[in-house]
Amino acid sequence: MARIIIVVPCYNEAKRFPAEAFAEFIQRTKDIAFLFVDDGSTDGTPALLKQLEQQTPERVGVLLLPHNQGKAEAVRQGCLAAFAQGAEYVGYWDADLATPLDAIPEFVALLDERPQLELVCGARVQLLGRSIRRSAVRHYLGRVFATAASLTLGLAVYDTQCGAKLFRTTPRMRAAFARPFASRWLLDVEILARMIALGRAAGLPPVEQVVYEHPLRQWHDQAGSKVKPIDFPRALAGLVRIYWRYLRPGARPDDRNMEYLRGAGAS
């Protein structure tokens with residue numbers, strides 16, 4: 001059983017999947033396993049993933065979804081499978097490795113050193129000595145969205161959408177994945193919203209005390225992203241739905257999430 005499982009959602013990644021980078025990282029590290037979730041790809045992605053699994057079956061797993069369901073559900077299914085395997089830490093990472101795999105040990109160290117933390121989020125912050133490369137359009141649209149997400153959540157969060165997350169498998173985190181997300185893409189914001197709602201309902205520490213944003217040393221925008229500028233208005237509408245479902249006055253977590261939390265002994 002791996003102590004740490006990183007879920008990697010994949011959809012039609014055959015032309016850009018960095019198989020060698022994953023294989024090399026696996027060879028020089030330990031305690032970190034990968035669960036690749038193919039989200040109904042129509043190209044050669046499943047075959048590539050199966051090949052990687054055959055090379056190191058003790059460190060690589062592949063979950064094939066029957067049809068495309070969106071990144072949020074692919075990540076959720078992967079995390080549920082990782083929970084079932086008993087991993088202490090579970091995370092998800094973008095398949096294009098815009099965030100290098102070498103950042104994973106940094107996330108692990110933060111959770112090891114700070115037992116109060118439940119979630120570590122990568123943050124793309126351009127600082128001296130760090131290499132953050134992003135197109136101008138995506139950067140400025142991202143900053144507008146990040147500001148809107150921060151206002152929606154009522155949190156001073158800088159970067160909700162970075163595809164590098166690692167969390168401790170606490171009852172609250174497991175409960176946050178208990179039912180499908182409302183959005184196909186805004187799972188990062190919805191996870192935080194669920195954590196807030198679950199914490200309020202069950203008297204758990206506020207999210208500000210258990211979530212840490214870690215400025216990345218390197219993040220390089222990769223060609224072929226599935227998210228386009230045209231999706232921006234849709235994303236803002238998704239924030240409204242998330243606020244209405246979880247954060248408006250009188251809103252309560254979904255019963256299935258609360259039942260899971262109570263069953264885990266956290267209420």
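The values are calculated or read from the model by the stated rules, or taken from the named source; none is laboratory data. Worth saying up front: this structure is predicted, and the values here are computed from it rather than measured. Using ideal geometry, Cβ is built from the backbone for each residue, glycine included, and neighbour counts are taken over all protein chains shown. All accessible areas refer to the heavy atoms of the entire protein, side chains included, with ligands and DNA or RNA removed. Shrake-Rupley method; radii C 1.70, N 1.55, O 1.52, S 1.80 Å.
Take Pro105 and tell me if it is surrounded by fewer than 21 Cβ atoms within 10 Å (Cβ to Cβ), in a loop (DSSP other than H, G, I, E, B) and at pLDDT 95 or above. No, not satisfied.
Considering only segment 91-108, I want to know if a residue exists there that is acidic (Asp, Glu) and under 13 Å from the mean Cα position of the chain (by Cα). Yes, because at least one residue in segment 91-108 is acidic (Asp, Glu) and under 13 Å from the mean Cα position of the chain (by Cα).
All of Arg168, Arg179, Arg114 fail the test of being under 15 Å from the mean Cα position of the chain (by Cα), among the charged types (D, E, K, R) and open to solvent by 20 Å² or more (accessible area, probe 1.4 Å), apart from Arg168. Output yes when any residue across segment 236-250 is part of a loop (DSSP other than H, G, I, E, B), at pLDDT 85 or above and open to solvent by less than 50 Å² (accessible area, probe 1.4 Å), and no when none is. No: segment 236-250 contains no residue that is part of a loop (DSSP other than H, G, I, E, B), at pLDDT 85 or above and open to solvent by less than 50 Å² (accessible area, probe 1.4 Å).
If you check Arg200, Arg179, which single one turns out to be touching an Asp or Glu at 6+ places or on another chain (Cβ under 8 Å) and at pLDDT below 95? Result of the check over Arg200, Arg179: Arg179. Gly163 fails exactly one of the following numbered conditions: (1) farther than 25 Å from Arg133 by Cβ; (2) touching a strand residue (DSSP E or B) at 6+ places or on another chain (Cβ under 9 Å). What is the number of that condition? For Gly163, the exception is condition (1).
Of the residues that make up segment 129-137, is at least one farther than 28 Å from Pro46 by Cα, open to solvent by less than 10 Å² (accessible area, probe 1.4 Å), in a loop (DSSP other than H, G, I, E, B) and not aliphatic (A, V, I, L, M)? No: segment 129-137 contains no residue that is farther than 28 Å from Pro46 by Cα, open to solvent by less than 10 Å² (accessible area, probe 1.4 Å), in a loop (DSSP other than H, G, I, E, B) and not aliphatic (A, V, I, L, M).
The single residue among Ala14, Ala23 that is more than 27 Å from Ile191 (Cβ to Cβ) and in a loop (DSSP other than H, G, I, E, B) turns out to be Ala14. When Tyr140, Tyr158, Tyr92 are checked against the criterion of being under 22 Å from Leu239 (Cα atoms), open to solvent by less than 10 Å² (accessible area, probe 1.4 Å) and among the aromatic types (Phe, Trp, Tyr), Tyr92 stands alone in meeting it.
If the condition is being surrounded by 13 or more Cβ atoms within 10 Å (Cβ to Cβ) and at pLDDT 90 or above, then segment 209-232 contributes Val210, Val211, Tyr212, Glu213, His214, Pro215, Leu216, Arg217, Gln218, Trp219, His220.
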